[in-house]
1. Calculate the spin-label point distance for Glu276 paired with Lys30, positioning each point 7 Å from the Cα along the beta-carbon direction, and give it in nanometres.
2. Which of these, Gly59, Gly179, Gly217, has the largest mean-square fluctuation under a Gaussian network model of the chain (Cα springs below 10 Å)?
3. How high is the relative contact order of the chain, in percent, with contacts defined as C-alpha pairs under 8 Å that are six or more residues apart?
4. Roughly how many Å is it from the Cα centre of region 218-288 to that of region 17-39, as a whole number?
5. Working with all protein chains in place, sort His58, His178, His167 by solvent-accessible area computed with a 1.4 Å probe, largest first.
6. Along the Cα→Cβ direction, 7 angstrom out, place labels at Glu63 and Asp176. What is the inter-label distance in nm?
7. Starting from the Cα gyration tensor of the chain, take the square roots of the eigenvalues, sort them a ≥ b ≥ c, and report rounded, prolate or oblate (rounded when a/c is under 1.5, otherwise prolate if a/b is larger than b/c, else oblate).
8. In nanometres, what is the gap between the two model label sites at Asp128 and Ala212, each 7 Å from Cα along Cα-to-Cβ?
Amino acid sequence: MIIDCLEKKKTNIRLIAIDLDGTLLNQEKKVSEKTKEVLRQAVQKGIVIVPATGRHYHGIPKEVIELEGIRYFLTTNGAAVYDKRQKDYLYEDAMPCAFALQVLKELMKYDILVDAFINGDAFRKEKDMDYIQKLQISDVMKEFMRKSRKGVPSLYDYILKNQLDVHKFTLNFKPDGHGGRVDREKVLQFAEKEKKLACVCGGFCNLELTNATATKGNALLKLGNMLGIDREQIMAIGDSGNDYAMLQAAGIGVAMENADQQVLDIADVITKSNKEDGVAYIIQQCLQ
(Lines give C-alpha, C1' and ligand atoms only; values in the text may rest on other atoms or scores of the structure.)
Protein backbone atom coordinates (compact mmCIF):
# COMPACT_ATOMS: atom_id res chain seq x y z
CA MET A 1 0.00 0.00 0.00
CA ILE A 2 1.15 3.55 -0.68
CA ILE A 3 -0.54 5.66 1.94
CA ASP A 4 -1.17 9.36 2.24
CA CYS A 5 2.00 10.15 4.21
CA LEU A 6 4.12 9.24 1.18
CA GLU A 7 2.15 11.52 -1.13
CA LYS A 8 2.50 14.39 1.34
CA LYS A 9 6.21 13.93 2.08
CA LYS A 10 7.82 12.31 -0.95
CA THR A 11 8.96 15.57 -2.57
CA ASN A 12 10.88 16.39 0.62
CA ILE A 13 12.87 13.14 0.91
CA ARG A 14 16.63 13.77 0.91
CA LEU A 15 18.00 10.50 2.31
CA ILE A 16 16.89 6.89 1.84
CA ALA A 17 18.37 4.19 4.09
CA ILE A 18 18.00 0.68 2.68
CA ASP A 19 18.57 -2.64 4.43
CA LEU A 20 20.38 -5.29 2.38
CA ASP A 21 19.34 -8.89 3.09
CA GLY A 22 15.65 -9.38 2.36
CA THR A 23 15.35 -5.80 1.11
CA LEU A 24 17.80 -4.42 -1.46
CA LEU A 25 19.17 -7.89 -2.25
CA ASN A 26 16.96 -10.46 -3.95
CA GLN A 27 16.87 -14.19 -3.19
CA GLU A 28 20.19 -14.68 -5.02
CA LYS A 29 21.79 -11.95 -2.86
CA LYS A 30 22.03 -9.66 -5.89
CA VAL A 31 20.81 -6.18 -6.78
CA SER A 32 18.59 -6.34 -9.86
CA GLU A 33 19.39 -4.17 -12.88
CA LYS A 34 16.03 -2.45 -12.47
CA THR A 35 16.84 -1.50 -8.89
CA LYS A 36 20.32 -0.27 -9.86
CA GLU A 37 18.78 2.02 -12.46
CA VAL A 38 16.22 3.46 -10.02
CA LEU A 39 18.98 4.08 -7.45
CA ARG A 40 20.99 5.92 -10.11
CA GLN A 41 17.99 8.11 -10.84
CA ALA A 42 17.56 8.90 -7.14
CA VAL A 43 21.23 9.84 -6.76
CA GLN A 44 21.01 12.08 -9.84
CA LYS A 45 18.13 13.91 -8.16
CA GLY A 46 20.34 14.59 -5.14
CA ILE A 47 18.93 11.93 -2.80
CA VAL A 48 21.52 10.36 -0.50
CA ILE A 49 21.26 6.56 -0.71
CA VAL A 50 22.63 4.73 2.35
CA PRO A 51 22.88 0.93 2.56
CA ALA A 52 21.95 0.11 6.18
CA THR A 53 22.91 -3.39 7.18
CA GLY A 54 23.78 -5.76 9.98
CA ARG A 55 26.80 -6.83 7.95
CA HIS A 56 30.33 -5.61 8.59
CA TYR A 57 31.74 -3.29 5.92
CA HIS A 58 33.87 -5.94 4.22
CA GLY A 59 30.85 -8.27 4.20
CA ILE A 60 28.86 -5.92 1.97
CA PRO A 61 28.67 -7.25 -1.61
CA LYS A 62 31.07 -5.61 -4.04
CA GLU A 63 28.21 -4.64 -6.34
CA VAL A 64 26.65 -2.64 -3.49
CA ILE A 65 29.95 -0.98 -2.55
CA GLU A 66 30.39 0.05 -6.17
CA LEU A 67 26.88 1.39 -6.77
CA GLU A 68 27.12 4.77 -8.46
CA GLY A 69 27.01 7.77 -6.14
CA ILE A 70 26.84 5.85 -2.85
CA ARG A 71 29.30 7.12 -0.24
CA TYR A 72 27.98 6.24 3.23
CA PHE A 73 27.32 2.78 4.67
CA LEU A 74 25.49 2.16 7.93
CA THR A 75 26.97 -1.15 9.16
CA THR A 76 26.70 -3.67 12.01
CA ASN A 77 23.18 -2.60 12.99
CA GLY A 78 24.24 1.00 13.49
CA ALA A 79 27.41 0.42 15.51
CA ALA A 80 29.44 2.03 12.73
CA VAL A 81 28.87 4.37 9.79
CA TYR A 82 31.55 4.16 7.12
CA ASP A 83 32.53 6.90 4.64
CA LYS A 84 33.85 5.24 1.47
CA ARG A 85 35.42 8.43 0.19
CA GLN A 86 37.36 9.09 3.38
CA LYS A 87 38.01 5.35 3.92
CA ASP A 88 37.16 5.72 7.60
CA TYR A 89 34.31 5.60 10.07
CA LEU A 90 32.29 8.77 10.57
CA TYR A 91 30.62 7.34 13.64
CA GLU A 92 31.14 4.35 15.95
CA ASP A 93 29.29 2.97 18.95
CA ALA A 94 31.26 -0.17 19.76
CA MET A 95 31.27 -2.29 22.90
CA PRO A 96 34.40 -1.42 24.91
CA CYS A 97 36.85 -4.31 25.05
CA ALA A 98 36.23 -5.16 28.73
CA PHE A 99 32.46 -5.28 28.27
CA ALA A 100 32.74 -7.25 25.03
CA LEU A 101 34.85 -9.87 26.82
CA GLN A 102 32.29 -10.04 29.63
CA VAL A 103 29.54 -10.72 27.09
CA LEU A 104 31.63 -13.25 25.17
CA LYS A 105 32.48 -15.14 28.34
CA GLU A 106 28.77 -15.67 28.94
CA LEU A 107 28.12 -16.68 25.32
CA MET A 108 30.86 -19.31 25.47
CA LYS A 109 28.71 -21.31 27.90
CA TYR A 110 26.32 -22.27 25.09
CA ASP A 111 26.38 -24.49 22.02
CA ILE A 112 26.13 -21.63 19.53
CA LEU A 113 28.07 -20.05 16.69
CA VAL A 114 29.55 -16.68 17.72
CA ASP A 115 30.94 -14.15 15.25
CA ALA A 116 32.58 -10.92 16.41
CA PHE A 117 32.37 -7.90 14.11
CA ILE A 118 35.42 -5.68 14.60
CA ASN A 119 36.76 -2.76 12.53
CA GLY A 120 34.96 -3.77 9.34
CA ASP A 121 35.75 -7.50 9.54
CA ALA A 122 34.11 -10.55 11.12
CA PHE A 123 35.99 -13.10 13.20
CA ARG A 124 35.18 -16.62 14.33
CA LYS A 125 36.98 -19.34 16.27
CA GLU A 126 38.81 -21.56 13.80
CA LYS A 127 37.28 -24.73 15.22
CA ASP A 128 33.82 -23.28 14.51
CA MET A 129 34.40 -22.43 10.85
CA ASP A 130 32.32 -25.45 9.73
CA TYR A 131 29.56 -24.92 12.32
CA ILE A 132 27.41 -23.35 9.61
CA GLN A 133 26.69 -26.83 8.24
CA LYS A 134 24.54 -27.37 11.34
CA LEU A 135 22.43 -24.29 10.65
CA GLN A 136 19.03 -24.20 8.96
CA ILE A 137 19.87 -21.50 6.44
CA SER A 138 20.09 -21.30 2.65
CA ASP A 139 23.14 -22.51 0.76
CA VAL A 140 23.67 -18.96 -0.49
CA MET A 141 23.82 -17.67 3.08
CA LYS A 142 26.12 -20.50 4.16
CA GLU A 143 28.53 -19.59 1.37
CA PHE A 144 28.44 -15.92 2.37
CA MET A 145 29.11 -16.75 6.02
CA ARG A 146 31.96 -19.07 5.04
CA LYS A 147 33.71 -16.51 2.86
CA SER A 148 33.17 -13.42 5.00
CA ARG A 149 34.60 -14.69 8.33
CA LYS A 150 38.23 -14.80 9.44
CA GLY A 151 39.32 -17.65 11.70
CA VAL A 152 41.32 -17.12 14.90
CA PRO A 153 42.45 -19.80 17.40
CA SER A 154 40.47 -18.21 20.23
CA LEU A 155 37.98 -15.38 19.78
CA TYR A 156 38.31 -14.42 23.44
CA ASP A 157 42.12 -14.36 23.40
CA TYR A 158 42.21 -12.46 20.11
CA ILE A 159 40.03 -9.65 21.49
CA LEU A 160 41.89 -9.60 24.81
CA LYS A 161 45.41 -9.62 23.35
CA ASN A 162 44.68 -6.83 20.87
CA GLN A 163 42.40 -4.88 23.25
CA LEU A 164 39.70 -4.64 20.61
CA ASP A 165 36.32 -2.96 20.85
CA VAL A 166 33.52 -4.95 19.23
CA HIS A 167 30.85 -3.50 16.95
CA LYS A 168 28.58 -6.52 17.17
CA PHE A 169 28.24 -10.18 18.12
CA THR A 170 26.15 -12.26 15.72
CA LEU A 171 24.85 -15.52 17.18
CA ASN A 172 23.50 -18.44 15.17
CA PHE A 173 21.77 -21.50 16.62
CA LYS A 174 21.35 -25.02 15.33
CA PRO A 175 17.83 -26.55 15.12
CA ASP A 176 16.68 -28.47 18.19
CA GLY A 177 14.53 -30.90 16.16
CA HIS A 178 11.28 -29.50 17.56
CA GLY A 179 10.96 -26.30 15.57
CA GLY A 180 13.16 -24.25 17.89
CA ARG A 181 16.84 -23.47 18.24
CA VAL A 182 19.31 -24.93 20.74
CA ASP A 183 20.08 -22.50 23.61
CA ARG A 184 18.43 -19.53 21.85
CA GLU A 185 15.97 -18.81 24.65
CA LYS A 186 18.73 -18.97 27.29
CA VAL A 187 20.86 -16.50 25.36
CA LEU A 188 17.85 -14.25 24.76
CA GLN A 189 17.10 -14.17 28.49
CA PHE A 190 20.70 -13.19 29.22
CA ALA A 191 20.66 -10.43 26.61
CA GLU A 192 17.35 -9.00 27.78
CA LYS A 193 18.61 -8.79 31.38
CA GLU A 194 21.79 -6.96 30.35
CA LYS A 195 20.69 -3.33 30.08
CA LYS A 196 23.85 -2.29 28.23
CA LEU A 197 22.95 -4.52 25.28
CA ALA A 198 20.60 -4.19 22.34
CA CYS A 199 19.40 -7.57 21.07
CA VAL A 200 17.61 -8.01 17.74
CA CYS A 201 17.05 -10.71 15.15
CA GLY A 202 18.60 -10.15 11.73
CA GLY A 203 17.01 -13.21 10.15
CA PHE A 204 17.24 -17.01 10.22
CA CYS A 205 16.31 -16.97 13.95
CA ASN A 206 19.72 -15.51 14.83
CA LEU A 207 20.42 -12.94 17.56
CA GLU A 208 22.58 -9.85 17.16
CA LEU A 209 24.09 -8.04 20.13
CA THR A 210 25.37 -4.47 20.15
CA ASN A 211 25.65 -1.64 22.63
CA ALA A 212 22.18 -0.63 23.77
CA THR A 213 22.56 2.68 21.94
CA ALA A 214 23.91 1.07 18.74
CA THR A 215 20.79 0.72 16.60
CA LYS A 216 20.13 1.45 12.96
CA GLY A 217 17.72 4.15 14.09
CA ASN A 218 20.24 6.03 16.22
CA ALA A 219 22.97 5.77 13.58
CA LEU A 220 20.60 6.95 10.86
CA LEU A 221 19.67 10.08 12.82
CA LYS A 222 23.35 10.73 13.64
CA LEU A 223 24.24 10.55 9.95
CA GLY A 224 21.30 12.73 9.01
CA ASN A 225 22.43 15.34 11.53
CA MET A 226 25.98 15.26 10.12
CA LEU A 227 24.60 15.86 6.63
CA GLY A 228 22.11 18.52 7.71
CA ILE A 229 19.12 16.32 6.91
CA ASP A 230 16.11 16.35 9.23
CA ARG A 231 14.30 13.21 10.39
CA GLU A 232 11.24 14.18 8.34
CA GLN A 233 13.40 14.12 5.20
CA ILE A 234 14.53 10.51 5.73
CA MET A 235 12.98 7.32 4.40
CA ALA A 236 14.05 3.91 5.71
CA ILE A 237 13.30 0.56 4.05
CA GLY A 238 13.69 -2.81 5.79
CA ASP A 239 12.30 -6.24 6.55
CA SER A 240 13.57 -7.70 9.84
CA GLY A 241 13.96 -7.04 13.55
CA ASN A 242 17.21 -5.15 13.20
CA ASP A 243 15.37 -2.65 10.95
CA TYR A 244 12.63 -1.92 13.49
CA ALA A 245 14.39 1.05 15.13
CA MET A 246 15.35 2.47 11.74
CA LEU A 247 11.79 2.47 10.47
CA GLN A 248 10.63 4.10 13.69
CA ALA A 249 13.33 6.78 13.51
CA ALA A 250 12.75 7.79 9.89
CA GLY A 251 10.16 10.27 8.71
CA ILE A 252 8.76 7.49 6.51
CA GLY A 253 9.26 3.85 7.47
CA VAL A 254 8.80 1.36 4.62
CA ALA A 255 8.41 -2.39 5.17
CA MET A 256 8.97 -4.96 2.47
CA GLU A 257 5.99 -7.21 1.74
CA ASN A 258 8.20 -10.10 2.95
CA ALA A 259 9.00 -8.35 6.25
CA ASP A 260 8.62 -9.80 9.73
CA GLN A 261 5.25 -9.07 11.28
CA GLN A 262 6.66 -6.68 13.90
CA VAL A 263 8.12 -4.57 11.08
CA LEU A 264 4.91 -4.64 9.05
CA ASP A 265 3.01 -3.50 12.12
CA ILE A 266 4.94 -0.23 12.53
CA ALA A 267 5.50 0.67 8.87
CA ASP A 268 4.00 3.78 7.32
CA VAL A 269 4.20 2.13 3.92
CA ILE A 270 4.38 -1.47 2.68
CA THR A 271 6.09 -2.02 -0.67
CA LYS A 272 6.47 -5.11 -2.83
CA SER A 273 8.73 -7.99 -1.80
CA ASN A 274 12.45 -8.23 -2.49
CA LYS A 275 11.59 -10.81 -5.18
CA GLU A 276 9.57 -8.13 -6.98
CA ASP A 277 12.02 -5.19 -6.80
CA GLY A 278 10.14 -3.64 -3.89
CA VAL A 279 12.93 -1.13 -3.25
CA ALA A 280 12.82 0.09 -6.85
CA TYR A 281 9.02 0.27 -6.71
CA ILE A 282 8.82 2.48 -3.63
CA ILE A 283 11.64 4.80 -4.72
CA GLN A 284 9.98 5.25 -8.10
CA GLN A 285 6.92 6.57 -6.26
CA CYS A 286 9.15 9.18 -4.63
CA LEU A 287 10.70 10.25 -7.93
CA GLN A 288 7.40 10.83 -9.73
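1. That separation, rounded to one decimal, is 2.1 nm.
2. Gly179
3. Normalised by residue count, the contact order of the chain is 23 percent.
4. 14 Å
5. If we order His58, His178, His167 from most to least accessible, we get His178, His58, His167.
6. 3.8 nm
7. Prolate is the answer for the chain, as a/c is 1.5 or above and a/b outweighs b/c.
8. 2.5 nm
The values are calculated or read from the model by the stated rules, or taken from the named source; none is laboratory data. In this text, all values refer to a predicted model and were calculated from it rather than measured experimentally. Cβ atoms come from the backbone with ideal geometry, glycine included; neighbour counts cover every protein chain shown. Quick note on the areas: whole protein, heavy atoms, side chains included, nothing else; ligands and nucleic acids left out. Shrake-Rupley method; radii C 1.70, N 1.55, O 1.52, S 1.80 Å.
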